[in-house]
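Engineer: Below you'll find the structure I mean.
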Amino acid sequence: MRHLFLNGLAASAGGGLTYLRNVIPHLAARSDVQTTVLLSPDLGQEFGKLPNVIFLEGSSQAGAARRFWQEQTMLPRLIRRSRADVLISAGNFALRKSPVPQLLLSRNALYTSADFFRDLRARRDYRIWLDTRIKGVFAKRSIHWADLTVAPSAAFAQELRQWTGRNVVSIHHGFDRDTFFRDTTPLPADVQQKLGASKDSLRLLFVSHYNYYRNFEILFRAIPLVQARLGDRKVKLFLTCKLRSEDNPGFYNAEKASSLVRRLGLNDHVVELGAIPYGLLHHVYRACDIYVSPAYAESFAHPLVEAMASGLPIVASSLPVHQEICGAAGVYFDRLSAEEASEQILHVALSSEISRDMARQGELRSKDFSWRHHVDQIISIVGNLNRSGVIVAGSP
């Protein structure tokens, strides 16, 4: 039986949590693999006891720099004690001197995003600029330290190859339809009320906590342009966040975005639902008409797959990652153009035939993503990986 050591200590929000919540149960279901998982205490309690999985708790209070240093000094001892055969580093940073072959999972597109650094300079947010630059140095070194790096999309794998000159393979993240739609618990009453009050509107949805790289402001500027063409039918944009800095992870200033909503007169058009439990998100998707994503940096984008599985057509910025994930289920616009965003939203909204065809294409496309298949590919790679980072047989 192969023994994996999965370092998930860095997972605190967004895609990192989605990844671990889906991958760990599939690892537990494998009788040919034992997995030791290092997690924050809160996340460890969420899983309870699982077969073939041993949970270790690590400190979740330290900042990124301190956590990185703790991992470099603590992890080798834990790996040796566990007698694991392979280390899977799941948080963009690798162990410098791993005692066993190491697979790095790299999924942070900000380190390679020129748009993000330009945006930070324009906002004069030099704290985040410096923090991201420093982390980027270690993320780049990590790709050299690891025996092999895996990216969640072919487009992002190509970015990492150009950035580092190292071999990077791509394995799509997955989607489990049965799990995603399983919870029949109704939404909280206040969320139901907000969604129900808009049933005659064009309901747009964007699932994300607030940050800069998801490019909320372009979407806000597109709303008046869409409304001008729709006449009496009102546009509603639903957000699964609050536009207050303290209600979002990280150090992003959400107040400027909130101020933009007020200046554009969108208080009645932008509806802040707040964070929705993952198991209940399917109710929100199915209450809306179009899923929109104006992000200018992305490595996979789980909500796109969730939206497609929920029968929503996609309007997204023309990132190679978005086009790779959605294909014919989406229409695309320049990431910096509110005008193009509005045109593409209207292109879908004004034609029921186009909307239905895109929804059908999306439901078909969503079936191409599988967490079980993702785990199968990861295990195939670690079973055939030597210390030179060469896949020697039988892996993707």
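Engineer: Name the residue farthest towards the positive end of the dipole of the chain from the options Tyr332, Leu312, Phe47, assuming +1 on Cβ of Lys and Arg, -1 on Cβ of Asp and Glu, about the Cα centre.
Structural biologist: Toward the positive end, the furthest listed residue is Phe47.
Engineer: Efficiency by 1/(1 + (r/R0)^6): what FRET value for Asn267 and Gln158, r their Cβ-Cβ distance, R0 = 35 Å, to the nearest 0.05?
Structural biologist: 0.25
Engineer: Okay, next question. Determine the alpha carbon to alpha carbon distance for each of Lys199/Lys234; Lys49/Lys97; Lys135/Lys242; Lys194/Lys234; Lys140/Lys242; Lys49/Lys242 and list only those over 22 Å.
Structural biologist: Lys49/Lys97; Lys135/Lys242; Lys140/Lys242; Lys49/Lys242
Engineer: Express the C-alpha Rg of region 179-366 as a ratio against the empirical globular expectation 2.2 N^0.38 Å, rounded to two decimals.
Structural biologist: So region 179-366 has a normalised radius of gyration of 0.95.
Engineer: Hey, another quick one. List the relative contact order of the chain as a percent without decimals, with contacts defined as Cα pairs under 8 Å and 6+ residues apart.
Structural biologist: 15 percent
Engineer: Still on this structure, I have one more. Can you check what the net charge comes to around Thr240, using other residues whose Cβ is under 15 Å from the Cβ of Thr240 (Lys, Arg +1; Asp, Glu -1)?
Structural biologist: +3
Engineer: Summing -39500 (n - 2.57) over the DSSP H runs of n ≥ 4 in the chain and dividing by its residue number, what mean residue ellipticity at 222 nm do you reach, to the nearest 500 deg cm²/dmol?
Structural biologist: -14000 deg cm²/dmol
Engineer: Still on this structure, please answer the following. PRE reach from Phe47 (point 7 Å along Cα→Cβ): which of region 1-32 fall under 13 Å by backbone N?
Structural biologist: 4-11, 17-30
Engineer: For Arg80 and Ser380 in one chain, what is 0.36 nm times their gap in residues minus the Cα-Cα distance, to one decimal in nm?
Structural biologist: Stretched out fully, the Arg80 to Ser380 stretch lengthens by 105.8 nm.
Engineer: Return a whole-number percent for the relative contact order of region 179-366, with Cα pairs under 8 Å and 6 or more residues apart as the contact set.
Structural biologist: Once divided by the residue count of region 179-366, the mean separation gives 23 percent.
Engineer: Please give, to one decimal in nm, the separation of the simple spin-label points placed at Asn167 and Ala328, each 7 Å out from Cα toward the Cβ.
Structural biologist: Rounded to a tenth, the inter-label distance reads 3.5 nm.
Engineer: Further question: Summing +1 for each Lys or Arg and -1 for each Asp or Glu, what net charge is found among the other residues whose Cβ lies under 14 Å from the Cβ of Ala301?
Structural biologist: Combined, the nearby Lys, Arg, Asp and Glu give +1.
Every read-out reported here was derived from the displayed coordinates using simple, explicitly stated rules and does not represent laboratory data. From a predicted model like this one, the values you see are computed outputs, not experimental measurements. Ideal geometry is used to build each Cβ from the backbone, glycine not excepted, and the neighbour counts take in all protein chains shown.
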